[in-house]
Amino acid sequence: MNKTLSQDIRPQTTRPKTGITPSGVVGRFRNRGGRSGFTLLELVVVLAVITILLGLLLPAVQYARESARSAKCISNLRQIGIGVHSHLEARQVYPSSALGVGWGQSLSPHVFLLPYIDEETLYRRFDISKGFWDRPNSDFGNLRIELFHCPSDGGPPGVTNYPACTGTFTWLDDGITDFYGQRARGARDVRDGTSSTVLFSEFTSTGPLGNIRNTDRFDDVGQAIRACAATEPVHRFPLGLPWISAGMGQVFYNHFSGPGTPSCTNGSGSTETSIVSAASHHGGGDVHVLFADGHVERIHREIELAVWREMATRDSSRQVTP
């Protein structure tokens with residue numbers, strides 16, 4: 001019995017356990033501590049890869065955003081076209097500037113579109129017997145109408161990016177819209193056909209193309225276009241402002257020069273006789289136009305001038321080259 005007890009209380013020799021010992025842990029940390037996470041070369045490579053990826057992704061993102069803005073512009077023009085045809089159905093004429101109001105005071109076609117683009121409440125606040133400088137009309141000159149604004153353009157609140165076409169030149173009176181406010185025209189007046197005659201287009205209120213330039217007086221198309229292109233822009237006023245005013249450069253443009261070309265006055269500094277060109281901030285300088293039948297097309301900026309000018313006339317047989 002004593003022998004058994006002595007054997008039981010005898011210290012047992014234990015075999016070393018397999019696994020991680022404290023010394024092993026320390027050793028591992030020492031090994032890891034001696035190795036850096038990234039070398040300078042690895043860091044440079046990672047940064048270069050990130051830079052390349054950003055360089056590839058950012059243009060794609062910007063392109064996608066501008067495509068969305070361009071689609072919104074097309075949608076706006078189509079909605080304006082629906083409003084135009086509602087106006088045509090109700091009054092048998094296309095919207096024009098106010099009739100019987102003093103010279104230089106006329107309200108724009110955009111004002112008369114308001115009841116047909118879900119803005120009847122605003123339209124009722126206008127006094128159409130008065131000019132745009134008179135109250136209460138002048139109170140609405142800086143009001144932003146989203147349908148009249150292209151998201152690609154960063155102009156002030158009271159701007160419109162969708163002017164009405166007056167024809168090939170201001171004083172020729174060969175377009176559908178009457179700049180002088182003498183009469184409004186219906187579909188029967190469009191001898192060239194509503195599907196081939198432009199009614200509205202785009203222009204920019206910001207940037208070099210969004211400002212009127214002053215030139216010396218010109219006598220022919222070529223001279224005018226060359227003089228305008230060689231003239232530095234002056235910030236007389238941004239195009240499309242105010243949207244309630246029936247003026248060249250405010251809510252009217254012409255097809256005297258091609259899309260994406262500068263806008264200029266004819267020497268006097270007045271926009272009454274001037275080049276006001278269609279333009280957009282969309283890639284390539286192309287513009288969207290609304291035809292009198294309500295459809296919208298994208299027009300390339302390299303379109304032949306003769307074709308561009310014919311698109312603006314309601315009756316090509318009346319077209320005259322200024």
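What order do you get for 203-209, 300-306, 116-122, 161-167 when each peptide is scored by the mean count of other beta carbon atoms within 10 Å, highest first?
Values: 203-209: 20.9, 300-306: 12.9, 116-122: 15.1, 161-167: 27.1.
Order by mean packing, descending: 161-167, 203-209, 116-122, 300-306.
Is the C-alpha gyration tensor of segment 72-155 telling us rounded, prolate or oblate? Criteria: a/c under 1.5 is rounded; beyond that, a/b larger than b/c is prolate, otherwise oblate. Don't skip to the answer; put the middle values down first.
Working: a/c = 1.92, a/b = 1.24, b/c = 1.55.
Here segment 72-155 falls in the oblate category.
Could you compute the FRET efficiency for E89 and L47, with r as their C-beta to C-beta distance and R0 at 45 Å, rounded to 0.05?
The formula returns an efficiency of 0.10 here.
Read the figures in this text as sums done on the coordinates, not as results from a lab. Only a predicted model underlies this, so the values are computations on that prediction, with no experimental measurement involved. Every residue, glycine as well, gets a Cβ built from its backbone with ideal geometry; the counts of neighbours run over all protein chains shown.
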